[in-house]
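The values are calculated or read from the model by the stated rules, or taken from the named source; none is laboratory data. Predicted model, so just to flag it, every value in this text is computed and none were measured. Heads up, the Cβs are rebuilt from the backbone with ideal geometry, glycines too, and the neighbour counts pull from every protein chain shown. Heavy atoms of the whole protein, side chains included, go into the accessibility calculation; ligands, DNA and RNA do not. Shrake-Rupley method; radii C 1.70, N 1.55, O 1.52, S 1.80 Å.
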Amino acid sequence: MKSITAFATLLFLIAKATPAFCLEKSFQQAQRECLQHLNISSSRWSEYVDANEYPRDHETKLLIRCIGLVLRFWDDYSGLQPAVIKNFFLPDADDVGYVNRTTQCLKRALQKVAKKDVVSMAYESFCCYYHQYGNLAVTPQYVPQTARELLQFKSECSEILKDYSGNGTQQSSCLVRCVLLHADLWYDEHGFLLDRAYVQFGQDENEDAYVQKTVECIDSYASKDNGDSCALTSYVTKLCLIHGNAQMYYSSVF
């Protein structure tokens with residue numbers, strides 16, 4: 001970046017001084033939380049972790065749905081979030097058919113489950129990834145923010161910026177940048193974190209296609225960049241990062 005505005009300078013200092021609001025969590029961490037939330041006996045931990053088994057009893061199904069809600073790979077209204085759940089599994093490097101197997105498994109499994117049975121739908125979706133996609137990752141992964149959480153960030157950012165001068169366009173642009181800082185999707189040193197942006201905004205899109213489309217859009221803006229990181233983040237977020245159905249979902253935020 002060539003330079004940043006007074007707003008950007010303020011936000012950069014805040015970002016350096018304040019812990020990141022982003023959430024990274026492992027599957028095991030979410031599982032432990034859900035065992036406690038649902039008051040499931042800790043004796044089942046060894047069954048799930050040591051024996052690598054998630055049997056089809058109702059208690060286990062409730063556990064999987066809870067984990068999906070905590071890690072945001074499941075939503076009772078919109079269902080499975082493929083862009084999120086795949087990060088919690090590690091495919092074998094020599095396995096070229098894991099995506100197709102998982103897709104076919106999901107089609108078969110969900111045809112057998114009533115759409116109103118969100119507990120079973122969450123469980124069956126997880127099982128397809130668990131048995132067909134790869135091994136569970138042990139490291140924490142980025143967990144996307146809900147629209148409600150991003151709106152909370154927006155409210156906090158409005159408070160941060162309210163006493164600083166600037167025209168309406170500049171204030172609006174810096175508000176977007178502040179939200180992205182809170183969500184850990186943007187750093188002045190590195191720019192946009194596209195792997196996280198895909199998890200946050202990609203929804204049903206193919207990751208490679210999403211990244212390519214986004215990079216091409218960002219490149220098209222590069223010639224217009226005057227070093228104003230607020231204008232850059234606002235433009236790119238609205239026109240490059242958020243595609244298709246995600247535009248409606250995040251319209252209240254950006």
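At-a-glance table
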read-out	value
For residue 90, residues with placed amide H under 5 Å, excluding near neighbours	135, 136, 137
Contour excess over end-to-end distance, with Cα ends at residue 158 and residue 219 and 0.36 nm allotted per residue	19.0 nm
Taking the chain and dividing mean pair separation by its residue count, relative contact order in percent (alpha carbons under 8 Å, at least six apart)	27
Where N is the number of residues in region 38-125, Cα Rg divided by 2.2 N^0.38 Å	1.14
Which of 162, 154 is most accessible, then next, and so on - probe 1.4 Å	162, 154
Approximate shape of the chain as ellipsoid semi-axes (Cα gyration tensor, √5λ), whole Å, largest first	38, 20, 16
When each of 25/154; 61/238; 86/154; 86/115; 162/238 is checked by Cα-Cα distance, pairs over 30 Å	61/238
Net +/- balance of residues flanking residue 32 in space, Cβ distance below 12 Å, scoring K and R +1, D and E -1	+1
Pair residue 248, residue 75: separation of 7 Å Cα→Cβ label points (nm)	1.2
Surrounding net charge for residue 63, when Lys and Arg each add one and Asp and Glu each subtract one, Cβ distance under 10 Å	+1
Peptides ranked, highest mean first, by Cβ atoms within 10 Å: ranges 236-242, 186-192, 143-149	236-242, 143-149, 186-192
The chain, helix-only ellipticity at 222 nm - DSSP H runs n ≥ 4, -39,500 (n - 2.57), divided by all residues, nearest 500	-16500 deg cm²/dmol
Cut-off 18 Å, label 7 Å out along Cα→Cβ of residue 131, residues of region 50-74 by amide N	51-65
